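First comes the structure, then the notes that go with it.
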Amino acid sequence: MIKTYTNTIIKSFAVLGLLTIAACSSSDNKAVSDRKVAFNTGWQFHLNTPTDNDTITTTTQWRALNLPHDWSIEGAFDEKSPAGYGGGSLTGGLGWYKKTFTVKAEDSTKITSVVFDGVYRNSQVWINGHYLGKRPNGYIGFRYNLTPYLNYGDKQNEIIVKADNSKQPNSRWYSGSGIYRNVWMETTGKVHVAAEGTYITTPVVANGKATIKLQTILKNEYAAEKAATITTTIFKGDSKVTEVSKEVKLSANAEQTLQQEATIDNPVLWDIEHPELYTAVTEVKADDEVLDTYATPFGIRTFTFDLNKGFILNGKQVKIKGVCLHHDLGPLGSAFNTRAMERELQIMKDMGVNGIRTSHNPPAPELLDLCDKMGFIVMDEAYDMWKQQKTPFDYSNDWDKWHVTDLKDQLFRDRNHPSVFMWSIGNEIPEQWNEQGAAIGKELSAIVKSIDPTRPVTAAMNPPIAVNPTEANIQFVNTADKPNALAASGALDIIGYNYAHQTYAKHKINFPKTAFIATETTSALATRGYYDAKSDTVKMWPKRWDIPFHDGNPGNTVSAYDQIQAPWGSTHEATWKVIKKHDYLAGMFVWTGFDYIGEPTPYEWPSVSSYFGIVDLAGFPKDVYYMYQSEWTTKDVLHILPHWNWKTGQDVDVWAYYNNADEVELYLNGKSLGKKSKQGDDLHIMWRVPYQPGTLKAISRKNGKTVLEKEVKTAGAPAALKATADRAKITADGADLSYITVDITDANGVFAATANNEITFSLKGNGKIVGVCSGDPVSHESYKGNKHTALSGKCLVIVQAGDKADNLELTASAAGLKKATVSITTSK
Ligand code: GAL
């Protein structure tokens with residue numbers, strides 16, 4: 001009972017500002033430029049045992065691995081894990097990494113730095129016995145200048161990294177542990193562009209011209225003044241567009257900021273359909289030598305958040321159809337992999353998503369690169385808490401010392417990305433209700449404006465103004481009929497709403513001078529492929545919020561008809577209907593695009609991962625994916641649910657999502673069950689059908705002509721496996737991935753939608769299995785094993801290429817079923 005209430009309590013206290021309770025490895029080996037080279041391979045790792053101390057370990061028990069790496073995902077699920085249900089019942093701990101390496105003798109005249117994109121958390125780094133520093137924040141990148149301590153030539157260097165994620169809980173979701181993002185070695189001459197030292201803005205885009213402002217922070221690390229020539233060349237693809245050059249005098253051991261300006265004729269604008277990019281390449285020359293070359297990709301676009309028209313991109317109104325994403329990559333844990341991230345984004349893009357919220361922390365830098373290239377509108381978020389904690393050992397303990405540095409580093413790192421359109425300074429910050437929250441909000445907003453005045457600041461508030469209790473499912477604690485302190489403070493350029501869709505229609509009355517964004521919405525719940533056959537019998541899951549989980553559905557399953565929601569949220573349809581209706585509502589970010597590890601709302605073992613995703617943890621769409629696809633894309637969509645394996649005579653609700661058609665006709669075994677079409681603001685249609693086995697078929701028609709046909713068939717006993725790779729050709733770089741979907745079928749090849757056989761995987765060739773997953777939130781099987789129980793007929797296996805070209809063969813087998821094999825070619 002208590003457990004069922006936990007999240008409510010957390011939320012209520014958070015709202016009051018009183019929260020005091022606890023509540024694959026891969027190696028990207030490409031050099032991004034000569035300046036920055038991946039430093040991911042050849043590391044050694046040791047996870048402390050309870051008897052190890054926490055000083056530099058003298059253990060001899062090291063394991064070889066490549067980064068990025070997440071040690072928590074390798075462990076077992078444990079109901080008593082101190083990380084709690086929020087942390088996915090996996091375990092933290094304290095880990096050590098070390099690597100020995102040499103540095104070329106000729107680099108001894110240069111500056112060499114190590115760059116970490118993120119270490120969870122409390123990292124400390126040593127080089128050749130010298131302590132370099134500590135970084136508590138697990139999500140921000142950081143760097144150390146190694147130059148004074150390096151050995152050059154044949155002599156070895158040793159770098160040691162300690163990551164301390166032992167104090168738990170420190171997160172409301174699964175964080176992962178260790179060096180889970182890329183590491184780089186960066187080498188420049190002694191006069192160079194500073195770290196994240198460029199800032200490219202396009203203040204004027206008009207009359208066929210774009211003005212490009214190039215701000216470059218230069219660093220002279222010589223003990224003498226230096227004359228240097230700074231040339232910035234702008235490229236579109238391989239073609240040079242324009243070039244600007246300037247001579248500068250740089251004082252000894254000093255930094256200087258240089259301003260340059262260029263004009264581009266007939267600029268090709270960046271937008272979500274055509275994410276056109278330019279690259280500015282800055283070359284630093286001194287003593288007739290090129291000492292540094294620094295590339296900054298950027299895009300040219302104009303935008304505004306308009307009080308009446310919402311989000312305007314390049315003069316055109318664009319509704320933001322966004323999703324929130326946590327940083328884990330399902331079965332890979334939080335170990336970053338570019339292909340895994342790209343796949344997530346492709347699955348979202350195919351659904352019609354055009355916006356990503358990096359909830360609730362700075363993302364891996366590659367996520368923003370991908371969003372630049374694929375065309376997403378990103379809300380880049382900084383914090384899940386400020387001074388007041390949400391869990392006992394979270395970042396609030398580091399706030400005073402680190403929040404300015406961390407925020408500045410995020411801004412410097414991310415401000416050139418054309419995909420970034422707004423900064424969120426926090427999510428559901430407990431202080432939002434009091435004057436301290438207003439003061440901190442102003443402080444953070446001022447920091448943002450000092451580093452990037454080109455983008456608006458928002459915060460995800462829960463909610464910015466009271467929800468009328470009679471309209472809401474939950475009594476938000478803010479019952480005062482006025483904005484919360486943060487929303488009223490003037491610190492925010494956009495009012496960010498978490499949930500509270502009941503208040504959106506009154507936004508212009510409540511906040512007449514500030515634009516709108518729904519920073520987080522919905523929190524509806526579903527288990528892929530599981531249905532309570534009469535969809536109107538369960539309105540909320542559990543049926544009532546105050547009834548424990550297991551009084552809801554057996555096995556902690558949640559019906560996938562879009563009718564089950566967290567009390568503070570809504571069905572998917574309900575919030576989208578409001579956002580769709582009013583132009584001034586710029587858009588929304590649904591909680592969440594993908595399921596994530598941890599936060600299995602309500603908190604209840606054996607559930608270990610969330611139910612909020614539109615797509616499950618394996619990347620398989622739940623049904624509501626097609627509701628969004630029918631609304632958010634222009635492609636023809638027809639999708640029917642549920643599966644067709646029921647008890648004869650039982651009433652089953654059949655739903656259809658469709659678009660681009662006037663009507664849908666449903667047939668059971670060839671007999672029409674009638675035509676239906678959406679009325680008013682309907683987003684789906686429904687037939688209640690007395691079940692008979694056979695074939696259920698839907699046909700959508702426009703002007704009497706068939707647009708699409710869809711069938712679901714009754715499956716017989718499971719008899720065979722079918723394996724399909726998302727990509728049969730991948731790169732032999734030790735990092736690239738092929739995602740293989742294994743379906744269970746009956747003897748006739750009909751998809752067995754209720755089968756849950758255990759599947760075993762084996763791989764031949766130079767590659768490895770790095771993840772297995774069915775998307776089942778109650779599965780405690782390891783994502784890192786080679787067998788897994790299917791959920792609703794499906795299971796996923798992820799194969800990673802080795803570093804030698806090869807033909808790989810993946811075999812999936814299950815007792816009593818015909819096995820399946822799939823070939824994957826890896827090449828250099
Ligand atoms: C929100 C919160 C998210 C997640 C979600 C679950 O209030 O911002 O991080 O906890 O609730 O519904």
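The values are calculated or read from the model by the stated rules, or taken from the named source; none is laboratory data. Everything quoted here is computed from the prediction, not taken from an experiment. Every residue, glycine as well, gets a Cβ built from its backbone with ideal geometry; the counts of neighbours run over all protein chains shown. Keep in mind that these areas ignore ligands, DNA and RNA; they rest on the heavy atoms of the full protein, side chains included. Shrake-Rupley method; radii C 1.70, N 1.55, O 1.52, S 1.80 Å.
Annotation: of all residues in region 439-450 being farther than 15 Å from GLY496 by Cα and within 24 Å of the chain's Cα centre (by Cα), the one that is nearest to the ligand (Cβ to nearest atom) is LEU444. The number of residues in region 321-349 that are in contact with a Gly (Cβ under 7 Å, 6 or more places away or on another chain) and hydroxyl-bearing (Ser, Thr, Tyr) comes to 1. Is there a residue being within 19 Å of PHE751 (Cα to Cα) and of a type in the set (S, T, N, Q) anywhere in region 627-647? Among the residues of region 627-647, at least one is within 19 Å of PHE751 (Cα to Cα) and of a type in the set (S, T, N, Q), which makes the answer yes. Screening PRO392 against (1) more than 24 Å from THR592 (Cβ to Cβ); (2) away from the ligand (no atom under 16 Å from the Cβ); (3) open to solvent by less than 10 Å² (accessible area, probe 1.4 Å) leaves a single unmet condition, (3). Here MET348, MET385, MET379 are screened, and the one residue that is under 30 Å from GLU74 (Cα atoms), within 13 Å of the chain's Cα centre (by Cα) and buried (at least 19 other Cβ atoms within 10 Å of the Cβ) is MET348. Looking at VAL183, VAL191, just one residue is within 30 Å of the chain's Cα centre (by Cα) and open to solvent by less than 10 Å² (accessible area, probe 1.4 Å), and that residue is VAL183.
Flag not set for ASN220, criterion: within 30 Å of GLY496 (Cα to Cα) and modelled with pLDDT of 95 or more. Within region 565-577, residues that are over 20 Å from GLN679 (Cβ atoms) reach partners that are open to solvent by 20 Å² or more (accessible area, probe 1.4 Å) and within 9 Å of the ligand (Cβ to nearest atom) with beta carbons closer than 8 Å, at six or more positions or on different chains, in the pairs TRP568/LYS11. Can you tell me which residue is farthest from the ligand (Cβ to nearest atom) among those in region 488-510 that are part of a loop (DSSP other than H, G, I, E, B) and buried (at least 21 other Cβ atoms within 10 Å of the Cβ)? Among residues in region 488-510 that are part of a loop (DSSP other than H, G, I, E, B) and buried (at least 21 other Cβ atoms within 10 Å of the Cβ), the one farthest from the ligand (Cβ to nearest atom) is ALA491.
Given the structure, is PRO362 open to solvent by less than 10 Å² (accessible area, probe 1.4 Å) and within 16 Å of the ligand (Cβ to nearest atom)? If you could, list the steps in order and put the result at the bottom.
Working: open to solvent by less than 10 Å² (accessible area, probe 1.4 Å): yes; within 16 Å of the ligand (Cβ to nearest atom): yes.
Spelling it out, PRO362 is indeed open to solvent by less than 10 Å² (accessible area, probe 1.4 Å) and within 16 Å of the ligand (Cβ to nearest atom).
Across region 563-614, the number of residues qualifying as of a type outside the set (Phe, Trp, Tyr) and away from the ligand (no atom under 14 Å from the Cβ) comes to 16.
For THR648, state whether it is closer than 26 Å to THR571 by Cα, in a loop (DSSP other than H, G, I, E, B) and open to solvent by 50 Å² or more (accessible area, probe 1.4 Å).
Details: closer than 26 Å to THR571 by Cα: no; in a loop (DSSP other than H, G, I, E, B): yes; open to solvent by 50 Å² or more (accessible area, probe 1.4 Å): yes.
Answer is no for this residue.
Exactly one residue out of GLY785, GLY775 is surrounded by fewer than 20 Cβ atoms within 10 Å (Cβ to Cβ), closer than 30 Å to LYS80 by Cα and not acidic (Asp, Glu), and it is GLY785. In the condition set (1) more than 16 Å from the ligand (Cβ to nearest atom); (2) modelled with pLDDT of 95 or more; (3) farther than 18 Å from GLU520 by Cα, ALA560 is compliant with all but (2).
Matching residues to (1) modelled with pLDDT of 95 or more; (2) out of contact with any strand residue (DSSP E or B) (no Cβ under 7 Å at 6 or more places or on another chain); (3) of a type outside the set (D, E, K, R):
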position: GLN692; (1), (2), (3): yes, no, yes
position: ALA717; (1), (2), (3): yes, yes, yes
position: ALA723; (1), (2), (3): yes, no, yes
position: ASP726; (1), (2), (3): yes, no, no
position: ALA732; (1), (2), (3): yes, no, yes
position: VAL742; (1), (2), (3): yes, no, yes
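Has region 656-669 got at least one residue that is within 23 Å of THR527 (Cβ to Cβ) and assigned to a strand (DSSP E or B)? Yes: region 656-669 contains one or more residues that are within 23 Å of THR527 (Cβ to Cβ) and assigned to a strand (DSSP E or B).
Between ARG727, ARG701, the distinction of being surrounded by fewer than 19 Cβ atoms within 10 Å (Cβ to Cβ), within 29 Å of the chain's Cα centre (by Cα) and more than 26 Å from GLY555 (Cβ to Cβ) belongs to ARG727 only. Taking the criterion of being within 12 Å of LEU90 (Cα to Cα) and within 16 Å of the ligand (Cβ to nearest atom), the only residue of region 159-170 that qualifies is PRO169. For region 768-786, a tally of residues being over 20 Å from ALA526 (Cβ atoms) and assigned to a strand (DSSP E or B) returns 5. Candidates LEU90, LEU67: the one that is open to solvent by less than 30 Å² (accessible area, probe 1.4 Å) and either over 19 Å from PHE393 (Cβ atoms) or polar (S, T, N, Q) (or both) is LEU67.
Residue pairs whose Cβ atoms lie under 8 Å apart, sitting 6 or more positions apart in sequence or on different chains, and linking a residue in region 416-438 that is away from the ligand (no atom under 16 Å from the Cβ) to a partner that is of a type in the set (Ser, Thr, Tyr), are ASN416/THR198; ASN416/TYR199; ASN416/THR296; MET422/THR458; TRP423/THR458; ALA438/SER489. Screening VAL624, VAL615, VAL637 for residues that are aliphatic (A, V, I, L, M) and surrounded by fewer than 24 Cβ atoms within 10 Å (Cβ to Cβ) leaves exactly one candidate, VAL615.
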